[in-house]
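Enquirer: Sharing a structure here in structure tokens format.
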Ligand code: DC
């Protein structure tokens with residue numbers, strides 16, 4: 001089955017772009033960040049300490065995660081699409097995603113999605129760890145200023161009042177965590193196709209990808 005892998009920092013537009021590319025190609029869209037967020041949410045609900053690595057890894061082994069092509073996320077058959085985006089879940093997910101054993105189990109689950117489907121999969125380590133031999137590997141980037149602005153406007157639409165400065169600080173902290181994890185860190189490599197979306201619209205980036213993939 002074909003795999004289009006997209007990595008990049010938070011707020012670069014990976015989700016929106018991957019979803020559109022998947023829809024045009026009729027591939028399955030897989031948001032791997034949502035999978036880490038499901039583990040974060042369930043560990044919060046079950047009052048598991050974020051340093052209890054074994055219990056957190058076991059949670060993932062037992063949970064059922066379903067991802068629909070319109071971006072909806074189901075945890076044990078419950079729609080958690082909104083709840084996994086709260087500040088509480090987001091804060092905890094950085095710590096959780098540094099658990100090495102958890103990442104091993106995650107990798108197995110993520111690879112299973114491509115057993116019977118062509119996939120567009122986005123995250124931080126998809127081009128390097130999960131599918132290093134993917135058919136196409138993209139690194140989608142944008143300046144910190146631009147990413148903060150986009151996230152700030154998204155928040156405003158949802159009536160979440162966080163200042164632009166604060167959003168920028170949170171993005172910078174997450175960039176640091178994502179790039180300095182001992183395993184599965186966000187890395188740029190020679191064989192990724194690098195796209196800087198800072199001054200491009202969503203549709204322009206989608207077109208660049210579709211033209212390269214050539215279908
Ligand atoms: O893409 P996102 O912001 O929803 O991802 C949530 C967190 O999950 C992010 O802080 C890093 C982590 N993550 C990861 O470690 N590996 C991935 N492949 C995807 C996400």
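Rule-based calculations on the coordinates, nothing more; no lab input. Note that the structure is predicted; figures quoted are calculated from it, not measured. FYI the Cβ positions are ideal-geometry reconstructions off the backbone, even for glycines, and counts take in every protein chain you see.
Enquirer: What share of all Cα pairs of the stretch 1-70, in percent, falls into each consecutive 10 Å distance bin?
Expert: Spelled out bin by bin, the stretch 1-70 gives 17, 40, 29, 13, 0 percent.
Enquirer: Follow-up. Using a simple spin-label model with points 7 Å from Cα along the Cα→Cβ vector, what separation in nm is obtained for residue 196 and residue 173?
Expert: Going by the 7 Å Cα→Cβ label model, 2.8 nm.
Enquirer: Taking only C-alpha pairs under 8 Å that are 6+ residues apart, what is the relative contact order of the chain in percent?
Expert: Taking the mean separation of contacting Cα pairs over the length of the chain, I get 33 percent.
Enquirer: Rounded to the nearest 500, what is the 222 nm mean residue ellipticity of the chain from helices alone, with -39500 (n - 2.57) per DSSP H run of 4+ residues and division by all residues?
Expert: Only helices count here, giving -15000 deg cm²/dmol.
Enquirer: Still on this structure, please answer the following. Along the Cα-to-Cβ line of residue 203, 7 Å from the Cα, sits a label point; which residues in the stretch 6-36 have backbone N less than 17 Å from it?
Expert: The answer is 16-25, whose backbone nitrogens lie closer than 17 Å to the label point.
Enquirer: Which of 32, 189 comes first, and how do the rest follow, when ranked by fewest Cβ neighbours within 10 Å?
Expert: Ranking 32, 189 by Cβ neighbours within 10 Å, fewest first, gives 189, 32.
Enquirer: Right, here's the next one. Nearest-5 percent of antiparallel DSSP beta bridges in the chain?
Expert: 25 percent
Enquirer: How would you classify the stretch 152-215 from its alpha-carbon gyration tensor, with a ≥ b ≥ c the square roots of the eigenvalues: rounded for a/c under 1.5, else prolate if a/b is greater than b/c, otherwise oblate?
Expert: oblate
Enquirer: Let me ask something else. Show me, bin by bin at 10 Å from 0, the whole-percent P(r) of the stretch 118-198 based on Cα pairs.
Expert: Calculated P(r), rounded to whole percents: 17, 40, 31, 12, 0.
Enquirer: For a bin width of 5 Å, list the pair-distance distribution of the chain built from all Cα-Cα distances, rounded to whole %.
Expert: Binned Cα distances yield the sequence 1, 7, 15, 19, 22, 18, 12, 5, 1, 0.
Enquirer: How big is the stretch 89-133 in terms of Cα radius of gyration and Dmax, in angstroms?
Expert: 11.6, 34
Enquirer: Exposure proxy check: 65, 30, 212 ranked by fewest other beta carbons within 10 Å?
Expert: In order of increasing Cβ crowding within 10 Å: 212, 65, 30.
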